[in-house]
Amino acid sequence: MNICIFCGANTGNNPKIIAQVVRLMDLLIDQKATLVYGGGKSGLMGLIADQFLAAGQPVIGVRPEKLIRDEAAHLGIDEMFVVKDMFERKAKMMELADVFIALPGGAGTLDEIIEVYTQVKIGFTSKLCTVLDVDGFYAGLQQLFDQMVATGYLKEKDRTLLHFYPDADSLANAVAGYKG
């Protein structure tokens, strides 16, 4: 199964998050997953790619030309798709992956998971869309979604299409049970 992981070029400063990310990668590696990710070498991107590579699992990067010039691309991965921009990057990742996971991250991570969620909500795809919500990192996003439901801008059934998991084990179990 190809699993796309959205995450940042920074590692962050919460050791609980880093520990859960490492645990999640171990569990996905045990499931013989192929990693699809942003193709970077730094931060959580580099950490997850290195973990998959060390275990002998395939790693596919999707990186815009500009980011190859501006930030360190991971040169040790199995395959790198070079795309024009972030729009093309998201489209290529959606084409390649069966499951999507957002780790704690910044604005780019949020943009990517919301794009996939929107495609699922509208019905352009039916892939699993998940969030690793360690230590309440995404509590604000969940609160915003609840507000959208309460004020009539989002249907409750659509709100449930973005699945939040508090830890690596529960998220990995959801992925293992996903039939696509």
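The values are calculated or read from the model by the stated rules, or taken from the named source; none is laboratory data. For clarity, every value in this text was computed on a predicted model and none was experimentally measured. Cβ sites come from the backbone with ideal geometry, for glycine too, and all protein chains shown count toward neighbours.
Quick check: anything in the range 74-81 hydrophobic (A, V, I, L, M, F, W, C), farther than 25 Å from Val120 by Cα and loosely packed, with under 15 Cβ neighbours inside 10 Å? Spell out the reasoning first.
First, pick out the residues of the range 74-81 that are hydrophobic (A, V, I, L, M, F, W, C): 75, 77, 80-81.
Right, trim to farther than 25 Å from Val120 by Cα and you get 75, 77, 80.
Now drop any that are not loosely packed, with under 15 Cβ neighbours inside 10 Å, which leaves 75.
Looking through the range 74-81, at least one residue is hydrophobic (A, V, I, L, M, F, W, C), farther than 25 Å from Val120 by Cα and loosely packed, with under 15 Cβ neighbours inside 10 Å.
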(message) So, in the range 60-83, how many residues would count as being at pLDDT below 95 and among the acidic types (Asp, Glu)?
(response) 3
(request) Output the strands (runs of 3 or more DSSP E) that fall wholly within the range 83-180 and possess 1 or more residues being closer than 27 Å to Ala73 by Cβ, hydrophobic (A, V, I, L, M, F, W, C) and in contact with a Cys (Cβ under 8 Å, 6 or more places away or on another chain), or say none. (result) 99-102
(message) Being touching a helix residue (DSSP H, G or I) at 6+ places or on another chain (Cβ under 7 Å) and crowded, with 17+ Cβ neighbours inside 10 Å is the filter here; which residues of the range 134-153 pass it?
(response) Val134, Phe137, Phe145
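If we only count helices (runs of 4 or more DSSP H) wholly inside the range 1-71, which ones have 1 or more residues that are buried (at least 23 other Cβ atoms within 10 Å of the Cβ) and touching a residue at least 24 places away in the same chain (Cβ under 8 Å)? Reasoning before the result, please.
Working: elements: 15-30, 43-54, 65-70.
By residue number, 15-30, 43-54.
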(request) Filter the range 73-82 for residues that are touching a helix residue (DSSP H, G or I) at 6+ places or on another chain (Cβ under 8 Å), in a loop (DSSP other than H, G, I, E, B) and among the hydrophobic types (A, V, I, L, M, F, W, C) and give the result. (result) Ile77
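Only one of these is among the β-branched types (Val, Ile, Thr) and in contact (Cβ under 8 Å) with a residue 60 or more places away in the chain: Val149, Val134, Val82. Name it. First the steps, then the outcome.
On the way: Val149 fails: in contact (Cβ under 8 Å) with a residue 60 or more places away in the chain; Val82 fails: in contact (Cβ under 8 Å) with a residue 60 or more places away in the chain.
Answer to the check: Val134.
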(message) Please determine whether any residue of the range 110-130 is out of contact with any helix residue (DSSP H, G or I) (no Cβ under 7 Å at 6 or more places or on another chain) and modelled with pLDDT under 95.
(response) no
(message) Any residue at all in the range 51-59 that's in contact with an Asp or Glu (Cβ under 7 Å, 6 or more places away or on another chain) and at pLDDT 95 or above?
(response) yes
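Determine if the range 41-58 includes at least one residue that is farther than 28 Å from Asn173 by Cβ and more than 16 Å from the chain's Cα centre (by Cα).
In the first step, residues of the range 41-58 are kept if they are farther than 28 Å from Asn173 by Cβ; the result is 41-42.
Then keep just the ones that are more than 16 Å from the chain's Cα centre (by Cα); that gives none.
Checked against the condition, which is being farther than 28 Å from Asn173 by Cβ and more than 16 Å from the chain's Cα centre (by Cα), the range 41-58 yields no hits at all.
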